[in-house]
Amino acid sequence: MDMKLSLALLLLVAAPIPGADVAQRGRTPVLVELFTSEGCSSCPPADALLMKLNDSQPVAGVDVIALEEHVDYWDGPGWRDPFSSAELTARQKEYAGRLHVDAPYTPEMVIDGHSELVGSDSRKALSELAKAGRSAKTPVHVTFRERSEDHVSVAAEVDAAKTAGDVVLAIAESKLASDVTGGENAGRNMKHSMVVRKLVSIGKVKAGEAFSTDSEVKLARDWKPENLSAVVFVQERGSGRVLGAAEVELSR
């Protein structure tokens, strides 16, 4: 079956009630990280799937919080992905060790830090999202404070967690596109959503204790503030499991 048709059918079956608020109480936040590259010919379907999951929120009871993370090992003379970074490649390598993957690959989707799959596999993605949505989460709250010409500030709060973890802030940008002129995707116009522009640790939570902090991030000149979001998540030390997550748009 064609991937687009298969995805459409799955979304129809799993879709929430029309008009339902995706941020309503009772929806469990699930962090979905896609490791991708504009230099990889297998990645465009995965990029499209992540965008669809983020926009349509197809799994009942689940609030998909998406992050598109561009790795740099596909960069070469033919094409350099403008959104790639060595830091995100290092993050994927950490996951490879934790999840017992032989080597990093693209496209790879990691759900809540503890399950991975080929990033274009829509059927497995929906199954893993539903499974992750049944896990209890530590409540996380993120609030947009203010934005100046070159900075944005947010406040993050984490309720008491059962285990210790690292609090991570991601600044992500949507409505991005590239006209790729070289490499495996030469001639394509590639569209992206929730591309990680900045990923930084903003604190640590101790088992049984709440946490709060204010964070300020410098904005690069080529970022469009009206398309930015902040995602805060707590990642358990050692296992990498995501204990909780929250997202806020920075468009005000």
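The values are calculated or read from the model by the stated rules, or taken from the named source; none is laboratory data. All values reported here derive from a predicted model rather than from experimental measurement. Backbone-built Cβ (ideal geometry, glycine too); neighbour counts: all protein chains shown.
Check whether at least one residue in the stretch 187-199 is within 18 Å of Phe233 (Cβ to Cβ), without any contact (Cβ under 8 Å) to a residue 60 or more places away in the chain and of a type in the set (S, T, N, Q), and report yes or no.
Taking every residue of the stretch 187-199 in turn, none turns out to be within 18 Å of Phe233 (Cβ to Cβ), without any contact (Cβ under 8 Å) to a residue 60 or more places away in the chain and of a type in the set (S, T, N, Q).
Find the residue count for the stretch 211-224, including only residues that are loosely packed, with under 15 Cβ neighbours inside 10 Å, closer than 10 Å to His151 by Cα and in contact with a strand residue (DSSP E or B) (Cβ under 6 Å, 6 or more places away or on another chain).
Of the residues in the stretch 211-224, 2 are loosely packed, with under 15 Cβ neighbours inside 10 Å, closer than 10 Å to His151 by Cα and in contact with a strand residue (DSSP E or B) (Cβ under 6 Å, 6 or more places away or on another chain).
Could you list, ordered by first residue, the pairs with Cβ atoms under 6 Å in which the first is in the stretch 158-170 and within 21 Å of Val32 (Cβ to Cβ) and surrounded by 16 or more Cβ atoms within 10 Å (Cβ to Cβ) and the second is of a type in the set (Asp, Glu) and at pLDDT 95 or above, at least 6 apart or interchain?
Matching pairs, first to second residue: Gly165/Glu236.
Among the strands (runs of 3 or more DSSP E) confined wholly to the stretch 138-229, which include 3 or more residues that are under 30 Å from Ser41 (Cβ atoms)?
165-173, 176-179, 189-192, 195-205
Can you report the number of residues in the stretch 230-240 which are assigned to a loop (DSSP other than H, G, I, E, B) and surrounded by 19 or more Cβ atoms within 10 Å (Cβ to Cβ)?
Residues flagged as assigned to a loop (DSSP other than H, G, I, E, B) and surrounded by 19 or more Cβ atoms within 10 Å (Cβ to Cβ) within the stretch 230-240 amount to 1.
Considering only the stretch 86-105, how many residues are surrounded by 16 or more Cβ atoms within 10 Å (Cβ to Cβ), over 15 Å from the mean Cα position of the chain (by Cα) and under 24 Å from Val180 (Cα atoms)?
Going through the stretch 86-105 one residue at a time, the tally reaches 2.
Could you please tell me which pairs satisfy a Cβ distance under 6 Å, a separation of 6+ or placement on different chains, a first residue in the stretch 100-128 that is farther than 10 Å from Leu34 by Cα, and a second residue that is of a type in the set (Gly, Ala, Ser) and part of a loop (DSSP other than H, G, I, E, B)?
So the pair list comes out as Gly113/Gly240.
Which of the following residues is crowded, with 17+ Cβ neighbours inside 10 Å and at pLDDT below 95: Leu31, Leu7, Leu53?
Result: Leu7 is the single residue among Leu31, Leu7, Leu53 that is crowded, with 17+ Cβ neighbours inside 10 Å and at pLDDT below 95.
Looking at this structure, is Glu69 assigned to a loop (DSSP other than H, G, I, E, B), of a type outside the set (A, V, I, L, M, F, W, C) and buried (at least 23 other Cβ atoms within 10 Å of the Cβ)?
No, not satisfied.
Do you know which of the residues in the stretch 128-137 that are part of a loop (DSSP other than H, G, I, E, B) and small (Gly, Ala, Ser) is surrounded by the most Cβ atoms within 10 Å (Cβ to Cβ)?
Ranking the qualifying residues of the stretch 128-137, first place goes to Gly133.
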